[in-house]
Each structure stands twice: as structure tokens, then as C-alpha cells.
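Novice: Structure in C-alpha cells, see below.
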Amino acid sequence: MHQDLERVFASEAEIQEKVEKAAELVSDRYRGSEPLAVCVLKGGALFYADFIRALTIPVALDFIAVSTYGKGIVSSGKLVIKKDVDSDLRGRDVIIVEDIIDSGFTLISLKKLFLERGAKSVCIVTLLNKIGRRAHDITPDFNCFDLADGFAVGYGLDYDEAYRNLPYLGILKREIYEH
Ligand code: PRP
């Protein structure tokens, strides 16, 4: 897999440092309460596993898988839930844990959905913020890395379902996805 990368974007150690920092800030914010941490599958899985272990507060866990169509097009975007959370969200502080925010459609839609279901608050934690591509008015509350350009893979992120198990983040060579 490594030979398909143009460069390493963040090493395992660099990721761990950022994840621990984000977890420390989130722990401080929710000290005294027990929020529900929702992992957005599949890309968020590795980040989520490290993030929740670095939290120093108790959390409940849940998982959701979604697809989006018409991403970036405000009028016709559609969020399809492939696997829903099990938890009753009424009155809960919810932390959405996601690998990447790009157009912002997935996260603005999930936040709206969880608030409609009665969540007391919804906070967004992202591993990567793809800057300059936002089409929706949403910003992560906590983010680990900004990504200006390039196709990021590894640490949960895929290209055509490959590279998710790389333990670090890399930028894929253009020739892999442009042909
Ligand atoms: C990716 C990513 C986010 C979404 C971000 O999911 O995990 O959910 O796209 O894009 P947006 O901000 O433009 O909505 P993907 O559909 O690739 O699924 P995956 O997590 O299973 O890889």
C-alpha cells in the first residue's frame, strides 16, 4: 500500500498526539457528564477507537453508517441511513466522531437529525478538515488536521475500500485515482 502514496501526511505518532489533544479538550468540556460518542462508519472507525480510549470521562458508545447523494448540492443532497444508532438520543449530549469533513453535507445532516431526535447537544469531532471545499455552514468543534488538497487514505480512510488499515495517513498518488 505504501508504494501507492505520494507522501505520508501524518505518522502514527503525529496522529496519536493530535487524537490525545482532542480527547483532552473534549474530556474537559464534558467533565461531570456521560456523553454518547457516535462513530460514523466506516471511515471513522480507527479514529473513534483511539479517541474514545484517550477520553478521561465515561462515555456511552454507538455507531451509524450513512450514504450521501448529491453531496455539496444544498437543494438535492440526501442522507441515507444504512445502519442507525440504537440509543435513545433524548436529553443526551452527543459527540459525533467522523474521519473527514469535506462538503459538510454528512455532518450538517447528522447534526440536524440528532437534534430532531431530541439530543440536548451535538458536538462534532473530526480527524481531517478538508478546507476550502465546504458547501454547507458547518464547522467541527474539534479537529485534528487540516487538509488543503490531495486524496487522503489510511487510518480508516479509503479509496475504493482499500488502504483503510494503513496505520498512518497518506496522500494517494494521482495516477491511482485519475485514469
Ligand atoms: C466520507 C466521510 C464522511 C463524508 C464526508 O464518507 O467518511 O462521512 O464522506 O463528506 P462530506 O463532508 O462531503 O459529506 P464515505 O461516503 O466515503 O463513507 P466511508 O466513511 O464508509 O468511507
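Novice: Let me have the relative contact order for the chain, percent, based on Cα pairs under 8 Å that are six or more residues apart. Mind dumping the intermediate values first?
Specialist: Values: 369 pairs, mean separation 45.1, N = 179.
Over the chain, the number comes to 25 percent.
Novice: Take the residue pairs Lys42/Lys112; Lys18/Lys82; Lys21/Lys82 and return only those whose Cα atoms are more than 26 Å apart.
Specialist: Values: Lys42/Lys112 20 Å; Lys18/Lys82 30 Å; Lys21/Lys82 31 Å.
Too far apart for the 26 Å limit: Lys18/Lys82; Lys21/Lys82.
Novice: Gain in length, Asp160 to Lys42, computed as 0.36 nm per residue apart minus the alpha-carbon separation, to one decimal in nm? Provide the component values of the computation, followed by the final result.
Specialist: Values: separation 118, 0.36 × 118 = 42.48 nm, distance 1.23 nm.
Full-extension gain reported as 41.3 nm.
Novice: Which of the GluC sites (Glu not before Pro) across the stretch 99-179 are loop residues per DSSP, with 12 or fewer other Cβ within 10 Å?
Specialist: Passing both the DSSP loop test and the Cβ count: Glu161, Glu178.
Novice: What size of dipole, in debye to the nearest 20, comes out for the stretch 13-149 about its Cα centre when the only charges are +1 on Lys and Arg C-beta atoms and -1 on Asp and Glu C-beta atoms? Provide the component values of the computation, followed by the final result.
Specialist: Details: 19 positive and 20 negative charges, 104 e Å.
For this selection, approximately 500 debye.
Novice: Give a residue-ordered list of calculated ³J(HN,Hα) values for the stretch 12-18 (Karplus: 6.51 cos²θ - 1.76 cosθ + 1.60, θ = phi - 60°; whole Hz; x for Gly, Pro).
Specialist: Result, rounded to whole Hz: 4, 5, 5, 5, 4, 4, 5.
Novice: While we're on this one: Roll a 1.4 angstrom probe over the protein heavy atoms and tell me the percent of accessible area of the stretch 25-115 that is carbon or sulfur. Intermediate results must be reported in sequence, preceding the final value.
Specialist: Working: 2270 of 4180 Å².
That fraction is 54 percent.
Novice: Between Glu20 and His179, how high is the FRET efficiency from 1/(1 + (r/R0)^6) when r is the Cβ-Cβ distance and R₀ = 30 Å? Nearest 0.05. The partial results should precede the final answer.
Specialist: On the way: r = 39 Å, r/R0 = 1.28.
Here the calculated transfer efficiency is 0.20.
Novice: Between 0 and 90 degrees, rounded to the nearest ten: what's the tilt of helix 45-54 against the longest Cα principal axis of the chain?
Specialist: 50
Novice: So what's the net charge close to Asp88: Lys and Arg +1, Asp and Glu -1, counting the other residues with Cβ under 15 Å from its Cβ?
Specialist: Working: positive: Arg90, Arg92, Arg117, Lys120; negative: Glu34, Asp62, Asp84, Asp86, Asp93, Glu116.
Every neighbour counted, the sum reads -2.
The values are calculated or read from the model by the stated rules, or taken from the named source; none is laboratory data. Remember, it's a predicted structure, so these values are computed and weren't measured experimentally. Virtual Cβ from ideal backbone geometry, glycine too; neighbours counted across all protein chains shown. SASA here: full protein model, heavy atoms, side chains in, ligands and nucleic acids out. Shrake-Rupley method; radii C 1.70, N 1.55, O 1.52, S 1.80 Å.
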